[in-house]
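Only one structure is covered here, and it is reproduced in the block below.
The values are calculated or read from the model by the stated rules, or taken from the named source; none is laboratory data. These numbers come from a predicted model, not from an experiment. Neighbour counts are summed over all protein chains in view; Cβ atoms, including those assigned to glycine, are modelled from backbone coordinates with ideal geometry. Side chains are part of the model used for accessible areas, which takes the heavy atoms of the whole protein and leaves out ligands, DNA and RNA. Shrake-Rupley method; radii C 1.70, N 1.55, O 1.52, S 1.80 Å.
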Amino acid sequence: MHDKVRSFLIPVYNRAPISFERGAGSTLFTADGTGYLDFGSGVAVNALGHGHPRLVDALVKQARKLWHTSNLYASPQQERLAQRLCELSFADRVFFCNSGTEAVELAIKAARRFHYVNGAPERNGIITIEGAFHGRTLAALTATGQQKYLEGFAPLPGGFDQVPFGNLAALERAITARTAAVLVEPVQGESGVRPMPPGYLRNLRALCDQHGILLLIDEVQTGIGRTGTFFAYEQEAIPDVLATAKGLGGGFPIGACLATEAVGAVMERGTHGSTFGGNPLAMAVATEVVDMISAPAFLARVTRASERFFAWARELALHYPQVFSEVRGNGLLMGLKCLPPVSDLVALAHEEKLLCLSAGDNVLRIAPPLIITNAEIDDGFGRLARAVARLAG
Ligand SMILES: *Cc1c(COP(=O)(O)O)cnc(C)c1O
């Protein structure tokens, strides 16, 4: 064994021993030119793949003009993208930030502030779902509620309650006169690609209306075309507030919190802010991303690609019942629940020059660029099948 090279990074990540120098479409290249097919897209971020010419152009063009002005001045770039996002969704108001956790943080703040402004400051409780992942700031982490992420970080903010996955009766029992909102992911990504049961979000919407509480949907991972609709909520229920991020910048850091007029309006001047949020570079790239992904033909292609992925995944699971026990997901966010350790399969896939993700519940997570071609899907499953065959031994 070689000694590990001394690292100057705070060691929070479990990094694979590969690094990349450039990317093109659905392929990443190491410094020696070896290509890896990307079935993970940097955790559902590179929605348009790597080095998309329209995104590169948008970024370079903006880089020559202006990088940063702060939010002290009017921003036509933010106005344009916010209008576009509102036209494409339930929302009337948008706030731009830099990450998913910040978008969730604002969703939580806005929900509490909504009830405060409407004369019910005691309504500050947020109900979340077991297995959730909402990010790493202290509030988003508390909303996440998973012990493995929380350990050692007490004291945590109060006002969070968690209910079992998929159980609407339990959720209703958890609602009290102090409840402000429910926060939910349409598909739980990090904890194992677990879609909410069919009808769950629709019934949850009705429950929220009945109790006068807000529905906050976390689409940091499922948003921006990932599930075949621009937002996943469109398939079932309309939120009051939505957090999104990952795919929105196609790799440029950006998050957004979308809200109805009623909720957006309570976040008055001075109640929130971000130095970098809505940066012109982020706006230029995200505007291109949104234009391309929201095109009906693009979204229809995502659904067709998804069908091809699921067909392959089901076939693989059928061939290797000793490796896979379940195939689940929505659109191009797929999970294959593994029997052997998923980390072994991810490592074997690397040897086949295929990048996949793992998720909780021992799940192999596949979240390719949305532009992935049929030929690349077939090629990727060929590589995955070879890795699985080696694993099955
Ligand atoms: C990734 C993720 C987050 C956190 O996003 P960051 O950009 O890492 O802060 C929050 N919610 C969901 C559903 C996510 O998948």
Scan the stretch 314-327 for residues that are buried (at least 17 other Cβ atoms within 10 Å of the Cβ) and out of contact with any Lys or Arg (no Cβ under 7 Å at 6 or more places or on another chain) and jot them down.
Leu316, Ala317, Tyr320, Val323
Residues (in contact with a Pro (Cβ under 9 Å, 6 or more places away or on another chain) and either at pLDDT below 95 or outside any strand (DSSP E or B) (or both)) located in the stretch 169-196
Ala170, Leu171, Pro186, Met196
The stretch 249-289 - residue that is in contact with a Gly (Cβ under 7 Å, 6 or more places away or on another chain) and open to solvent by less than 20 Å² (accessible area, probe 1.4 Å) and, of those, nearest to the ligand (Cβ to nearest atom):
Gly255
Would you be able to tell me the number of residues in the stretch 343-393 that are open to solvent by 10 Å² or more (accessible area, probe 1.4 Å) and assigned to a helix (DSSP H, G or I)?
20
What are the residues in the stretch 56-104 that are crowded, with 21+ Cβ neighbours inside 10 Å and not assigned by TED's automatic domain parsing to the domain that holds Ala232, if any?
Ala58
Neighbours by Cβ (under 8 Å, 6+ apart or cross-chain): first from the stretch 151-168, more than 19 Å from Val104 (Cα to Cα); second small (Gly, Ala, Ser) and part of a loop (DSSP other than H, G, I, E, B):
Phe165/Gly131
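Quick check, is Ile108 of a type in the set (A, V, I, L, M), open to solvent by less than 10 Å² (accessible area, probe 1.4 Å) and either over 15 Å from Cys257 (Cβ atoms) or away from the ligand (no atom under 16 Å from the Cβ) (or both)?
Numbers: of a type in the set (A, V, I, L, M): yes; open to solvent by less than 10 Å² (accessible area, probe 1.4 Å): yes; either over 15 Å from Cys257 (Cβ atoms) or away from the ligand (no atom under 16 Å from the Cβ) (or both): no.
Taking the combined requirement at face value, the residue does not satisfy it.
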For the stretch 133-141, indicate whether the set of residues that are over 16 Å from Ala180 (Cβ atoms), in contact with an Asp or Glu (Cβ under 6 Å, 6 or more places away or on another chain) and of a type outside the set (Val, Ile, Thr) is non-empty.
yes
